[in-house]
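Shown next, in structure tokens, is the structure this report addresses.
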Amino acid sequence: MKITVQICSGTACYVMGGAELLSISEHLTPDELEQVDIKGIMCLGLCENYNPNTPYVKIDDEIIKNVTIETLTERIRLAIKAKAEK
Amino acid sequence: MNNTIEVAHYNLHKYKEKVAGDCFLMNKAPDERIVATLADGMGSGVKANILSELTASMLQRFMLANVNTVRAANSIMETLPICSVRKVSYSTFTSLNISPDGVTKTLEYDNPELLWFRNNEFLQITKKTSSIETNTTRNTTLYAEIKLEFGDRLIMFSDGVTQAGMGFSATPLGWRINNVKKYIKDIISNETTISAKDLSFNIVEKAKEMDLNQPKDDITCAVVYYRKTRELMVITGPPGDRNKCPYMVEQFQQFSGKKIVSGGTTSKIIADGIGADLEVDMTDMHSDIPPRSIMKGAALVTEGLLTINKVINILDNENITQIKDIDAAHRMVELFIDTDSIYFLVGTAINEAHQNQNMPVEMGLRRISINKLANILREKYLKKVTIEYV
Ligand code: FES
């Protein structure tokens, strides 16, 4: 099973940096790309109530907030590593 | 009425001529009839222009008043100025009087023959003649009554089309009606639902090409496309009262035309309601608005406000015949352009996230954006628009 990376492309996340995150595959190696399934997802529903923590990404079942390209790359690498150690 | 009479024309002036010698006029009668006339004034330049406009506007007035075709023809023939040298009327014409049910009265005088196209072939129009003696000459007009069916087209053009290319070694006698017909048939069989606008444009551009891009005469073509009304539904925004979600889903399912869903939460409501998958199209990457999503049953699924605001911008400012970068907003624009009647189902829930002070772009209220969009569609694009708020 690949690791699922769901990048929120809803309005609030998109304008707060999510747009850039959608190009995450350009920051990963071909080997890494083999192991992840990168998807967009329409509003994860976490942006309500004036939540200042957009953009969001979901890696498998884990939600990460305030994501940048750097943190996302790092989190994906960690997830790959964790899976390999299992 | 679920039928639409789509009419469009395209015209090029004779090379280096500043005014048109051909004149095309189209009007809608209060009873929804469409009347249209293409008149070709003899010669070119200002004289031709005045005469073709005079002829066309007289015919339009007769047709609008639904005057008996023969009587209209005779009155025109009696009134039209006659060329003192050539003893013929100054302006040739083709005139149509189309009822919403498809019954069409035609009247022709010396233009290339009116073409009637159905199911990949040209139909014969059985015409009667009406002759009238004017003080100098005898003029014969042709008239007919036909019944259009959905998908039928009527195509008329000035002789600038049939005579295009005349005198060149490849086409000494010009393009000629049979070749024009063949060309039209090819275009339509390639694109069976080609719009009146695109078809008339194609024919005129081809004629111009045959004249080596320097038209030797005015070139005009008008097309009538009689077809079922195209309906489009846009669902956007979650309902103010969440108990109304099933109503939205039901409206979506029952609507028979094409459907657009705009907005993340809204898309989820519909997808859950109809049990469909919702998937973001990761190949649809553009910088300023989020990618579209794919959902069974919807022609287009997009993000909400950013996309709608971009659509408004495009419809208001861009030359939409030259769309290049196709993102979700442009896809929405294409669906709008290609439709006659648009039904907006607008949810009134306020998205608090958009009121966040940290947002780098200004997010107005959905209702305001949709009203603006509806007004542009009505006023600039003459679409029939209805809005329902839930
Ligand atoms: S837009 Fe990302 S959680 Fe709502």
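Checked against the criterion of being in a helix (DSSP H, G or I) and of a type in the set (A, V, I, L, M), segment B:253-269 contains one or more residues that satisfy it.
Figure legend. Inter-residue proximity from segment B:241-270: first residues assigned by TED's automatic domain parsing to the domain that holds B:Ala328, second residues of a type in the set (Asp, Glu) and within 16 Å of the ligand (Cβ to nearest atom), beta-carbon distance below 8 Å, spacing 6+ or different chains. Indicated pairs: B:Ser262/B:Glu303; B:Gly263/B:Glu303; B:Gly264/B:Glu303. Condition check for B:Ala222 on (1) outside any helix (DSSP H, G or I); (2) farther than 30 Å from B:Arg118 by Cα; (3) not hydroxyl-bearing (Ser, Thr, Tyr): one failure, at (2). Note on segment B:120-141: residues that are loosely packed, with under 14 Cβ neighbours inside 10 Å, modelled with pLDDT under 95 and out of contact with any Ser or Thr (no Cβ under 7 Å at 6 or more places or on another chain) total 4.
Has segment B:277-296 got at least one residue that is facing chain A (nearest Cβ under 8 Å) and part of a helix (DSSP H, G or I)? No - not one qualifying residue is present in segment B:277-296. Output yes when any residue across segment A:49-59 is of a type in the set (A, V, I, L, M, F, W, C), at the interface with chain B (Cβ under 9 Å from one of its Cβ atoms), in contact with a Cys (Cβ under 7 Å, 6 or more places away or on another chain) and under 30 Å from B:Ile350 (Cα atoms), and no when none is. Looking through segment A:49-59, none of the residues is of a type in the set (A, V, I, L, M, F, W, C), at the interface with chain B (Cβ under 9 Å from one of its Cβ atoms), in contact with a Cys (Cβ under 7 Å, 6 or more places away or on another chain) and under 30 Å from B:Ile350 (Cα atoms). Just checking, which of A:Ile24, A:Ile69, A:Ile38, A:Ile64 is more than 9 Å from the ligand (Cβ to nearest atom), more than 14 Å from chain B (Cβ to nearest Cβ) and touching a residue at least 12 places away in the same chain (Cβ under 8 Å)? Among A:Ile24, A:Ile69, A:Ile38, A:Ile64, only A:Ile69 is more than 9 Å from the ligand (Cβ to nearest atom), more than 14 Å from chain B (Cβ to nearest Cβ) and touching a residue at least 12 places away in the same chain (Cβ under 8 Å). Applying the condition of being outside any helix (DSSP H, G or I), of a type outside the set (Gly, Ala, Ser) and buried (at least 20 other Cβ atoms within 10 Å of the Cβ) to segment B:297-321 and asking which residue is nearest to the other protein chains (Cβ to nearest Cβ) yields B:Glu303. Scanning segment A:25-41 for residues that are closer than 22 Å to B:Asp277 by Cβ and among the aliphatic types (A, V, I, L, M) gives A:Val36, A:Ile38, A:Ile41.
Determine whether segment A:45-56 contains at least one residue that is over 19 Å from B:Asp284 (Cβ atoms), at pLDDT 95 or above and more than 10 Å from the ligand (Cβ to nearest atom). Checked against the condition, which is being over 19 Å from B:Asp284 (Cβ atoms), at pLDDT 95 or above and more than 10 Å from the ligand (Cβ to nearest atom), segment A:45-56 yields no hits at all.
The values are calculated or read from the model by the stated rules, or taken from the named source; none is laboratory data. Computed from a predicted structure; not experimentally measured. Ideal geometry is used to build each Cβ from the backbone, glycine not excepted, and the neighbour counts take in all protein chains shown.
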